[in-house]
1. Pop out the ³J(HN,Hα) list for the stretch 32-43 in order, Karplus 6.51 cos²θ - 1.76 cosθ + 1.60 with θ = phi - 60°, rounded to Hz; leave Gly and Pro as x.
2. Step by step: find N for the stretch 63-162, compute 2.2 N^0.38 Å, then divide the Cα radius of gyration by it. What's the final number?
3. Would you mind computing, in nm to one decimal, how far apart the modelled labels at residue 15 and residue 295 are, each placed 7 Å from Cα along Cα→Cβ?
4. Could you point to the residue in 19, 166, 246 farthest towards the positive end of the chain's charge dipole, with +1 and -1 charges on the Cβ of Lys/Arg and Asp/Glu respectively?
5. Suppose we keep just the DSSP beta bridges with both residues in the chain; what percent of those would be antiparallel, to 5?
6. Taking a threshold of 24 Å on the Cα-Cα distance, which of the pairs 15/162; 4/162; 162/220 fall above it?
7. Across the stretch 258-315, how large is the tail of the calculated P(r) beyond 17 Å, expressed as a percent of all Cα pairs?
8. Accessible area per residue for the chain in Å², computed with a 1.4 Å probe and the full protein assembly in place, what is it?
Amino acid sequence: MGIKALGYVVITTAKQAEWDRFLTQVVGVMAAGHTPDGAALYRIDDRPFRFRIEAGADERLFAAAYEVDDAAELEALRAQIFALGRPVVAGTADEATGRGVAAFFRTSDPAGNGLEFFHGDRRDDVAFVSPAGVSGFVTGEMGMGHAVFAAPNFDETYAFYKAIGFGDTDVPRFHFSDDPNDPGMGFAFMHARNGRHHSVALGQMPVPPSGCVHLMLEMKTQSDVGKCHDRMRLNKVPESASIGRHVNDQTFGFYMQTPSGFDLEIGADPLVIDPVTWVPTAHLQPSEWGHVWAWQKAMEEQAAQQEQASQGEKA
């Protein structure tokens, strides 16, 4: 048994028009119509959709959906998750058709983050054409990208993902300051059965109302990433972290805020691993360079203003 990859995500929002502009005009994904129940679909490759945007009162990532090989593995996983004490709800045949899968079920991890697991994924011959000129997204066997969740009950939630088949890639304690007394924050970057460095990750922090820390999409070139960064700025989308390169997965990219409040990481040129032979690492810093977060920038600006005021008083 093994989780193959992140297949699609389901997002609930009262801001469907904002999501449409964000995905098509800023990210550069392709609109793929609506379902009979009103959900908007968006594609980045030969899958009928990767983003399913549903109308709802809550702004949140409703579920990240992961693929397994077949019906037998899906049933075995369902039984295992139920035995671990998590709720399990089978999707209806109509819901499965609407997701482009043969069958699926819903559940959540011990921190309450929404998950779906499915088998029987579908593809079609519709060519992906980016309305913003993106040359393409890297998917295939590595799936859509990755999802990062918050887990205040870190050890319990981490054990859950280990139990259901995710493997350790990098399990560090990140330090976001130079303070020697900073205890750091527990993280777990975990791979599925493919070469993507991580298909899910956990951070030891409170669960945000949006139900997600961030999602990640991989573009084919650094030029695609840079142009997306320009579109973010021109469309006045809040930047969450400036362009930089991560230490552990070597991704070159940046973070911006989605209409629902969680972040979207746009990256390129990451490390590709062999999930069978990979030896887990434990890096201490998240970024090799760059990635100045909005909260860090705000603190720096506040410190500069205080210094300026202090110099004015001395004068």
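The values are calculated or read from the model by the stated rules, or taken from the named source; none is laboratory data. Predicted, not measured: the structure shown is a model, and the values here were computed from it. Cβ atoms come from the backbone with ideal geometry, glycine included; neighbour counts cover every protein chain shown. Side chains included, ligands, DNA and RNA excluded: accessible areas come from the protein's heavy atoms. Shrake-Rupley method; radii C 1.70, N 1.55, O 1.52, S 1.80 Å.
1. 10, x, 10, 7, x, 8, x, 6, 8, 10, 9, 10
2. Dividing the Cα Rg of the stretch 63-162 by 2.2 N^0.38 Å gives 1.23.
3. Output for this residue pair reads 1.9 nm.
4. Checking the options against the dipole of the chain, the answer is 19.
5. Beta bridges within the chain, antiparallel portion: roughly 70 percent.
6. Those over the limit are 15/162; 162/220.
7. Summing the P(r) tail past 17 Å for the stretch 258-315 gives 68 percent.
8. Result: 44 Å² per residue.
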